[in-house]
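Beneath this line is the structure, given in structure tokens, with notes to follow.
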Amino acid sequence: MNNPNPPTLEQLRVFLAIADTGSFAGAARRLNRATSVVSYQLANLEAQLNLSLIDRRTAKRVSLTEAGRALLPGARAITREVGGLLTRTRSLLQGEEAELSLAVDVMMPIPALTKILNTFSAAYPSVTLRLHVEAVGAVTQLVRDGVADLGVSGPVPTAAEGLEFVPLRSIAMVPVAAPNHPLSVETDSAVAAAKARDHVQLVLSDRSKLSEGRDFGVLSEQTWRLADLGAKHALLLAGVGWGSMPEPMIRPDLEAGRLVRLPLNLWKDARYHLRAVYRSDKALGPAGRWLLDRVKCSGIGD
């Protein structure tokens, strides 16, 4: 038996059009080709594969042979991959990035982030996105080190040369504890502050060197360090220590009574300031600029 020869993309498209429409005439209309051309392309495909793909004995609606049904998924996959390749090629020719890396602070509200990224996916379907979620100075460090193209960072108290910063909105930070925590019953700020020093405070740790060794809003002499905001939230709900959290994230917990706001003046009107950051020496491409614009207009914070 002769070995099959590789089919052309046009032949596969004709095969798929016939399978989908159920007729040579329907395939011709879909592809804007003459029926004779469609028939010729299919005959060439069958000759190259040494297989009969269409059962020509049916008069009204053509049906696939067993071989045709077996090869149909592969033909769809090939044409889909080639279509994706051409889409990405056109994007690259227009100057779009093949890949974009975004780093965001853990304090960034998830609903705002998902809304932005959902729109981004529709606007730039061919751009691969890499998302990093970090705390405190780690976002800025990822951008500075070239790991991330764009960041949404929290405050960094050290100088960061070679970076451009765009101020965004800020997020209210509130000290909270579970209803069964000893601090939850305190109403006097001075008493609460004094007693807070004797209870475990859950503190978000920083994995970067930009703000290494610096503490933000640490009051207690006993601290547990966590690198994950979700873990901190879970421990607070379980009554393990007290700590500050972004108000939008715990608003449902405060309303439902799962967490209690503590009367600590250290956090009175406390805000966590977010800002977009990117490198001065590395221009953002179209997708990066689009993402930066959406971040600036998203109303992140409260």
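The values are calculated or read from the model by the stated rules, or taken from the named source; none is laboratory data. Predicted model only: the values in this text are computed from it and were never measured. No Cβ is skipped: glycine too gets one built from the backbone with ideal geometry, and neighbour counts run over all protein chains shown.
From the residues in the stretch 204-235 that are outside any loop (DSSP other than H, G, I, E, B) and either of a type in the set (Lys, Arg) or at pLDDT below 80 (or both), which one is surrounded by the most Cβ atoms within 10 Å (Cβ to Cβ)?
Taking the stretch 204-235 as the starting set, the residues that turn out to be outside any loop (DSSP other than H, G, I, E, B) are 204, 223-226, 229-235.
The next check asks that each one be either of a type in the set (Lys, Arg) or at pLDDT below 80 (or both); those that pass are 225, 232.
Values: ARG225: 12, LYS232: 24.
Filtering the stretch 204-235 for residues that are outside any loop (DSSP other than H, G, I, E, B) and either of a type in the set (Lys, Arg) or at pLDDT below 80 (or both), the one surrounded by the most Cβ atoms within 10 Å (Cβ to Cβ) comes out as LYS232.
Here is a yes/no grid of residues against (1) of a type in the set (Ser, Thr, Tyr); (2) in contact with a Pro (Cβ under 9 Å, 6 or more places away or on another chain):
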{"position": "ALA28", "(1), (2)": "no, no"}
{"position": "SER36", "(1), (2)": "yes, no"}
{"position": "GLN48", "(1), (2)": "no, yes"}
{"position": "ASP55", "(1), (2)": "no, no"}
{"position": "LEU64", "(1), (2)": "no, no"}
Output yes when any residue across the stretch 290-299 is among the hydroxyl-bearing types (Ser, Thr, Tyr) and in a loop (DSSP other than H, G, I, E, B), and no when none is. yes
Filter the stretch 261-302 for residues that are surrounded by 20 or more Cβ atoms within 10 Å (Cβ to Cβ), touching a helix residue (DSSP H, G or I) at 6+ places or on another chain (Cβ under 6 Å) and closer than 30 Å to ALA177 by Cα and give the result. LEU262, LEU264, ILE300
Single residue of GLU81, GLU97, GLU134 found to be closer than 30 Å to HIS233 by Cβ, modelled with pLDDT under 90 and acidic (Asp, Glu): GLU134
Answer residue from the stretch 250-284, given it is among the β-branched types (Val, Ile, Thr) and within 26 Å of the chain's Cα centre (by Cα) and is farthest from THR187 (Cα to Cα) among those: VAL277
Select from the stretch 127-148 the residues that are within 14 Å of the chain's Cα centre (by Cα) and in a loop (DSSP other than H, G, I, E, B) and list them in ascending order. VAL127, ALA148
Would you check if ARG69 is in contact (Cβ under 8 Å) with a residue 40 or more places away in the chain and either assigned to a helix (DSSP H, G or I) or under 30 Å from VAL127 (Cβ atoms) (or both)? no
Among the residues of the stretch 251-259, is there at least one that is of a type outside the set (D, E, K, R), surrounded by 13 or more Cβ atoms within 10 Å (Cβ to Cβ), in contact with a strand residue (DSSP E or B) (Cβ under 8 Å, 6 or more places away or on another chain) and modelled with pLDDT of 90 or more? yes
Would you confirm whether or not the stretch 160-182 contains a residue that is of a type in the set (Ser, Thr, Tyr), surrounded by fewer than 16 Cβ atoms within 10 Å (Cβ to Cβ), over 19 Å from ALA283 (Cβ atoms) and touching a residue at least 12 places away in the same chain (Cβ under 8 Å)? no
Per-region count, the stretch 54-67, residues farther than 16 Å from GLY26 by Cβ and at pLDDT 85 or above: 3
